[in-house]
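Peer 1: This is the structure, below, for whatever I ask next.
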Amino acid sequence: MTKGRKIAMDDGTNRLGWMLDDALRMPETRYAILLSADGLLMAHSERIGRDDAERQAAGMSGLQSLARATAEFCGDPGTTWRQTVNEFDDGYVFLVAAGPGAYLAVSATQHVDMEAVSFRLQELVQRLGKEMTSPPRPGADAPA
């Protein structure tokens with residue numbers, strides 16, 4: 001990871017990165033990535049390079065899979081997984097469902113307001129959902 005140094009955005013392959021950067025305007029947040037269920041990087045914030053973001057996306061995919069597999073520990077095997085928060089000496093990693101087959105991960109320092117980050121992530125998930133689903137094109141069902 002890059003400590004305190006900004007990384008240039010990728011050329012057109014990071015279409016939703018600006019939304020992740022917007023989420024990181026909260027104090028004490030570090031990095032954000034959007035990933036698919038199979039661990040493919042879909043977008044990343046400016047503060048994290050693509051290689052690091054891809055590596056983290058693969059790890060987060062495994063993390064959400066483990067969390068979902070333990071649902072029955074909550075009392076119902078069919079319960080829906082929504083969020084995982086991991087605590088470390090230097091901070092937290094928040095991992096939330098961001099739509100069908102998509103997950104959002106944000107890292108933050110140990111001084112972050114956890115409730116505010118969780119709330120902000122839910123807002124971002126709503127915005128991302130609108131961006132990731134594109135409406136049908138006008139005349140798409142008309143014969144060619």
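The values are calculated or read from the model by the stated rules, or taken from the named source; none is laboratory data. Bear in mind the structure is a predicted one, so any value in this text is a computation, not a measurement. A quick note on method: Cβ atoms are made from the backbone with ideal geometry, for glycine too, and the neighbour counts reach across all protein chains shown. These accessible areas exclude ligands, DNA and RNA; they are computed on the full protein's heavy atoms, side chains included. Shrake-Rupley method; radii C 1.70, N 1.55, O 1.52, S 1.80 Å.
Peer 1: Want the number for residue 127 to residue 76: 0.36 nm per residue separation, take away the alpha-carbon distance, what's left? Show your work: numbers first, answer last.
Peer 2: Values: separation 51, 0.36 × 51 = 18.36 nm, distance 2.96 nm.
My answer for the length gained is 15.4 nm.
Peer 1: Ranked highest first by the average count of other Cβ atoms within 10 Å around their residues, in what order do 59-71, 13-25 fall?
Peer 2: 13-25, 59-71
Peer 1: Additional query: Rounded to the nearest 10 Å², what accessible area does residue 123 show when all protein chains are kept and the probe is 1.4 Å?
Peer 2: Surface accessible to solvent at residue 123 totals approximately 80 Å².
Peer 1: Ratio of segment 31-102's C-alpha Rg to 2.2 N^0.38 Å, to two decimals?
Peer 2: 1.15
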